Amino acid sequence: MLYQDDLPLRRIRIFDTTLRDGEQAPGNAMRPEQKLDIALALESLGVDVVEAGFPSSSPSDQKAIAMVASSLTAAAVGTLNRPVREDIRIAVDCGGTEGHHLQIMATGSEIHLKHKRGVEQDEAQAEVIEAIGYAKALGVRNVTLAIEDASRGTDQLLRPLITESVAAGADSITVADTTGCLVPTQYGGLIARIRSWIPPEIVVSTHCHDDLGLSLANALAGIEAGADEVQTTLAGIGERAGNTPLEELIAVLTYNGDAIGATTTAEPEGLYTAFEILCETIALTPPRNKAIFGVNAFATQAGIHQAGMLRAPITYEYIEPVRFGRQRSLLVGRHSGRAVLRHALDELGLPVDEQLVDRVYTEQIANRSNGECLDLAGLSELMLATHAATAGGAA
């Protein structure tokens, strides 16, 4: 899809659910105080909504929601709730009514109606409509219809559920690909149909899971189809394979937003700090090969790449590491070439001695087989020691 240069880019809202959907995954439990630390880090990035928990699930979630709600000053607090009056009352007690995005879950597929709920479509829809009305009666300003398993529901189920919910007062519609089963053309088509059923002022939000590795791609397809908001988690943590990664969404909108007619006001610089807080909180080990947060996301060992990057980083570095709180890393291993050795000598202020370069390359680099790499500091020490030994031998 092409966009004219003079058309304004749509600002995409970010609804982060690290503290709710992210925490639901095994091993990701967080104490209320830890949730608050992460919530404040997310707010500092410019996230619009921080979903802090599922109020009726536990006293711990209730405490966390109350703490987050009272501490946020720019972002709103979010909660997820069953279409039950008591759940909604608890949520309002914890999160208030003004800066509170209260999500009410709805059953979005015939599969869930039959096998999970054991109820008819009319009954499930009626409970949601009643819950939305109750939340509005309590004074909640932002009420969201959160449709679970919407990606497997028929239009015959989804359309009346959505239109009646909007008529009852829902301000937003969350379209969940709960099992991560759709490809981008399918999910984009679903968002486009839903967008056509409701007034333009009603927010459409994506909630995509990564079971097929398509959570970000589906979210982007949703944006192109008219979605106003994306639900994300830091590092993509969440149920099973996880959710749309916050850092990847921000990176795409920062670098390639004009390709899909969208932008973000979220700032990428604090993302890695937020990630480090998350890792410490849930004992998450950064993987090697993850976009933005991976250990090797801004590192290279290949000699061909290093030769280019030493001349101009842009040759192999599309994303600037400093914008994401990261640093470029040239590592020296078996696949490295001689260019990085010459660079180390130059950085040391030593003349480039090709015999020295060949010696270090042959003895220390070419035959490495255990995957271990030297960083530039380690390489410099090695070059300096070899230079000194060579000079001493010559003397």
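The values are calculated or read from the model by the stated rules, or taken from the named source; none is laboratory data. Quick caveat, the model's predicted, so the values are computed rather than measured. Neighbour counts run over all protein chains shown; Cβ positions are idealised from the backbone, glycine included. Heads up: the accessible areas ignore ligands, DNA and RNA and are worked out on the full protein's heavy atoms, side chains in. Shrake-Rupley method; radii C 1.70, N 1.55, O 1.52, S 1.80 Å.
Tabulated data
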{"quantity": "Any hit, segment 113-130, residues being buried (at least 23 other Cβ atoms within 10 Å of the Cβ), under 22 Å from A52 (Cα atoms) and out of contact with any Cys (no Cβ under 7 Å at 6 or more places or on another chain)", "calculated": "yes"}
{"quantity": "Filter pass, G153 being more than 31 Å from the chain's Cα centre (by Cα) and open to solvent by less than 40 Å² (accessible area, probe 1.4 Å)", "calculated": "no"}
{"quantity": "Long-range neighbours under 8 Å by Cβ, at least six apart or interchain, first residue over 23 Å from T79 (Cβ atoms) within segment 135-163, second of a type in the set (F, W, Y)", "calculated": "R159/W197; T163/W197"}
{"quantity": "Residue in segment 78-97 that is open to solvent by 30 Å² or more (accessible area, probe 1.4 Å), closer than 13 Å to A39 by Cα and part of a helix (DSSP H, G or I) present", "calculated": "no"}
{"quantity": "Qualifying residues in segment 131-145 (those that are open to solvent by 60 Å² or more (accessible area, probe 1.4 Å) and of a type outside the set (G, A, S)) - the one nearest to the chain's Cα centre (by Cα)", "calculated": "R141"}
{"quantity": "Which numbered condition P313 misses (of (1) of a type outside the set (S, T, Y); (2) under 32 Å from the mean Cα position of the chain (by Cα); (3) over 25 Å from F275 (Cβ atoms))", "calculated": "(3)"}
{"quantity": "Test: residue in segment 20-42 that is in contact (Cβ under 8 Å) with a residue 40 or more places away in the chain, in a strand (DSSP E or B) and of a type outside the set (A, V, I, L, M, F, W, C)", "calculated": "no"}
{"quantity": "Residue within segment 297-309 that is touching a helix residue (DSSP H, G or I) at 6+ places or on another chain (Cβ under 6 Å) and under 25 Å from D210 (Cα atoms) present", "calculated": "yes"}
{"quantity": "Residue list for segment 178-202, filter: open to solvent by less than 20 Å² (accessible area, probe 1.4 Å) and within 22 Å of V143 (Cβ to Cβ)", "calculated": "L190, I191, I194, I198, I202"}
{"quantity": "Selection count where residues are of a type in the set (D, E, K, R), within 16 Å of T390 (Cβ to Cβ), in contact (Cβ under 8 Å) with a residue 24 or more places away in the chain and assigned to a helix (DSSP H, G or I), scope segment 338-374", "calculated": "1"}
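Residue by residue, here is whether (1) closer than 25 Å to L138 by Cβ; (2) among the charged types (D, E, K, R); (3) within 20 Å of the chain's Cα centre (by Cα) holds:
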{"residue": "R20", "(1), (2), (3)": "yes, yes, yes"}
{"residue": "P32", "(1), (2), (3)": "yes, no, no"}
{"residue": "D37", "(1), (2), (3)": "no, yes, yes"}
{"residue": "L42", "(1), (2), (3)": "no, no, yes"}
{"residue": "E51", "(1), (2), (3)": "yes, yes, yes"}
{"residue": "S56", "(1), (2), (3)": "yes, no, no"}
{"residue": "Q62", "(1), (2), (3)": "yes, no, no"}
{"residue": "T97", "(1), (2), (3)": "yes, no, no"}
